[in-house]
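Below is one structure; the comments refer to it alone.
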């Protein structure tokens, strides 16, 4: 869409925001606490190799997840690779296609074959019935994904794994601080993985963690993330260097200090969006169970073209024209629609393909306020109320 949308301009042809309002900015934090920790680490002269800050970070993450063990890593992709490697897998690993590419990439990097399953159209998470039907003699593990902070069906997936004598892991990159059935995400399956990327609700600049109640598995992962030291036998891949630095741990601890405030701000943003967009035709929210804890990091809306009069991509262009850099969320496009996976025989995943073509991630986090949300929603309401005209102008442009 052209920058000037003419008679459809919302605010006299000027952008709604003078500076871009972007989805997934880093959250605010107390810089003085971060600098105090960094200075302490420098004075202590212990900057890596399982230093005191990294161990404290592991303890606090384990407490939040309600588990005995946490192994902090340099990022969540390495964490995924470590847990798959620690399980000594081969053959196929079943997972949803609606996830960030790191999930299948971690498996493929280790010579495993990702097998993509479709989602439950109601929850957006992998459908356990389809997982059960996908298990073969070559299946060595199942990976569930807690999508955008919504927990997947952990109990059915655990049962399928137990019935077939294989492990089940959970990619919980989006789900720290969330619960399902009153239990904290982190203690399900053999192990779960958190992400502490710069834009996550808890940030370590860049980081990840494996959390588990399986003490032996945790010991193996901890050894593997430090070059395999301490293991009497290591597979041909050996160990790797996946440790978290003291600088990253300092940031992670500082982010954890304000976790409660961040979640409250995110929840207020989520509620504000719902209030402002209530009754807007063709716009529905990716909803959370409000009886459970959630970090509300993501505000995801689904656009129904038939009802809204415009599709997701047209709405994104309208928002971008007004300096609102809303995004296709993580998982859109789905992994089977990306290389290197699309070059093979594409699986039939109609529910996944329908959802990923319709979702938008709206700006949220501690750098976004109620007035900005009000203005963003005014743009969305305008675009939907002029859907046919906006779509026609988009096609011309």
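The values are calculated or read from the model by the stated rules, or taken from the named source; none is laboratory data. If you're wondering where the values come from, they're calculated on a predicted model, not measured in any experiment. Counting neighbours? That spans all protein chains shown, and the Cβs are built from the backbone with ideal geometry, glycine included.
Observations, loosely collected:
- Any hit, the range 316-334, residues being within 30 Å of residue 134 (Cα to Cα), buried (at least 22 other Cβ atoms within 10 Å of the Cβ) and modelled with pLDDT of 95 or more: yes
- Restricting the range 134-191 to residues that are part of a helix (DSSP H, G or I) and in contact with a helix residue (DSSP H, G or I) (Cβ under 7 Å, 6 or more places away or on another chain), the residue that is nearest to residue 82 (Cα to Cα): 157
- Residue match in the range 20-30 (condition: modelled with pLDDT of 95 or more and buried (at least 21 other Cβ atoms within 10 Å of the Cβ)): no
- Residue that is under 26 Å from residue 92 (Cβ atoms) and crowded, with 24+ Cβ neighbours inside 10 Å, where the choices are 174, 164: 174
- Within the range 193-216, residues that are closer than 20 Å to residue 299 by Cβ have Cβ atoms under 6 Å from residues that are in a strand (DSSP E or B) in these pairs: 195/208, counting only partners at least 6 apart in sequence or on another chain.
So that you can scan it fast, the table gives a plain yes or no per residue for (1) in contact with a strand residue (DSSP E or B) (Cβ under 8 Å, 6 or more places away or on another chain); (2) at pLDDT below 95; (3) assigned to a loop (DSSP other than H, G, I, E, B):
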residue	(1), (2), (3)
42	no, no, no
47	no, no, yes
54	yes, no, no
59	yes, no, no
62	yes, no, no
72	yes, no, no
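- Residue check, residue 318 closer than 30 Å to residue 107 by Cα and in contact (Cβ under 8 Å) with a residue 40 or more places away in the chain: no
- Residue 354 without any contact (Cβ under 8 Å) to a residue 24 or more places away in the chain and either buried (at least 17 other Cβ atoms within 10 Å of the Cβ) or not assigned by TED's automatic domain parsing to the domain that holds residue 389 (or both): no
- Unique match (being at negative phi, more than 17 Å from the chain's Cα centre (by Cα) and not assigned by TED's automatic domain parsing to the domain that holds residue 382) among 248, 308: 248
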